[in-house]
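Here is the structure we will look at.
Throughout, read-outs are computed from the coordinates displayed, never taken from laboratory work. Since the structure is predicted, the reported quantities are computational estimates derived from the model, not experimental observations. Every residue, glycine among them, receives a Cβ derived from its backbone with ideal geometry; neighbour counts consider all protein chains shown.
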Amino acid sequence: MHISARLHALLLAASAAAALSLGACSRNQDRCELSPEVARVEAAVRLERLEKPFFKLKTPADADQFLQQHGLFARQFLQAGQYPPGVLSATLARLATNAGLQKLGAQADSTFRGPQLQQNLTRLFQHVRYYYPSFKVPPIETFVSGLSQDLFVNDSLIVISTDYFVGPTAVYRPNVPGYIQRRYTPEHLVPGLALAISTKYNQKPAAGQTMLGEMVHFGKALYFAQQMLPCTPDSLLVGYTDAEIAGVEFNEGKIWAHFIEKNLLYSTAPFVIQKYIGERPNIPEIDKTAPGRVGAWLGWQIVRKYMAENPNVTLPQLMAEKDAQRILNQSRYRPRVNSGRVSS
């Protein structure tokens, strides 16, 4: 790619700126108590705030030193190896001294200044290591990316762009539709990270995916996040409003009936699957008030029922299961149809 899509996004952002089940636990995250089993799990979280030294950069020479000091971050997140000599350093220096980005950075710093992020991350990784004891928590670094990438997650590094998650008061917001933008708040950060981590374990067939396969695959991801963050409301896990959650829960039977009546479960047409799984403000094929990605939500309910019907199945076994039809069959999923309409 030319100069890199990430760097290009950083530059664009600068130009625009210039002109998170176990144990008894309350749904209030502040009062949530870890189960004794999870509380005993060690999960050392090494959190480094790279935006602090970043905003001290004044010159390309300063940026060179920053890149040398944070080599893993430079190589993996900034993809330093893709640039001609001097280009990345010069760009970082310009960004660090950009008044608009500094203002957004100050908001991000204010939003995530306290110990809450570290505490929430520690709880998340205690749950991950409870289910997967061999999991090693990678270094975690926060950064103000100029709204170029929200989360970067692999086995060796996690980067959180805190500027993405400031919320509706931010001077600049991610350039995405409003129904996606509302998911970029402080409360959505750790649930988003849990979903990203689920990809490490969530298995599915390499080819020939059906609507049902995709529904169950996304349902397993949401169930994984639910187990990692047992005190987090469904609305934050799936990215729906409270009203949307109430609507899909009330109309679950009708939504399922739509999939059955339209013979959607075994469709392999990517366009059709995308309608029900992909990002959309709503799904008028069901009802104009049915929220997007409702197929993923429905897959979550199938997986929940499967795990309730099969208490001996462990989370790792669930995540390794590739047979969506087996999960559906053994779930005995038959939601009740309520009177009324899909509403949000």
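Details
- Distance-filtered residues of region 199-238 - backbone nitrogen under 11 Å, label point 7 angstrom along Thr268 Cα→Cβ: 207-211
- Other residues within the sphere of radius under 12 Å centred on the Cβ of Gln68, judged by their own Cβ, net out at -1 (K and R +1, D and E -1).
- Principal axis extents of the C-alpha atoms in region 211-331 (largest first, rounded to whole Å): 39, 32, 22.
- Cβ-defined net charge surrounding Tyr179, 11 Å radius [Lys, Arg +1; Asp, Glu -1]: +2
- By the Cα gyration tensor, the chain has an equivalent ellipsoid whose semi-axes, rounded to whole angstrom, run 38, 23, 19 from largest to smallest.
- From least to most packed, judged by other beta carbons within 10 angstrom and beginning with the fewest, Val337, Val238 follow the order Val337, Val238.
- Neighbourhood charge, 15 Å Cβ-Cβ cut-off, centred on Asn310 and excluding it, Lys, Arg +1 and Asp, Glu -1: +2
- Modelled FRET efficiency - R0 25 Å, Ala44 with Arg304, Cβ distances, 0.05 increments: 0.20
- Loop trypsin sites (Lys or Arg not before Pro), region 172-229, which have at most 15 other Cβ atoms in a 10 Å radius of their Cβ (DSSP): Lys200
- Within region 80-145, the ratio Rg/Rh, alpha carbon atoms throughout and Rh by Kirkwood, equals 1.14.
- Along each principal axis, taking the top coordinate minus the bottom one, the Cα set of region 274-344 gives 39, 27, 17 Å in descending order.
- In units of the rule-of-thumb radius 2.2 N^0.38 Å, region 99-186 shows an alpha carbon radius of gyration of 1.18.
- Taking other Cβ atoms within 10 Å as a rough exposure proxy, Val153, Val190, Val313, Val144 sort from fewest to most as Val313, Val153, Val190, Val144.
- Computed on the Cα atoms alone, the convex hull of region 120-161 gives a volume of 67 cubic angstrom per residue.
- Helix-derived mean residue ellipticity, 222 nm - over the chain, DSSP H n ≥ 4, -39500 (n - 2.57), to 500: -14500 deg cm²/dmol
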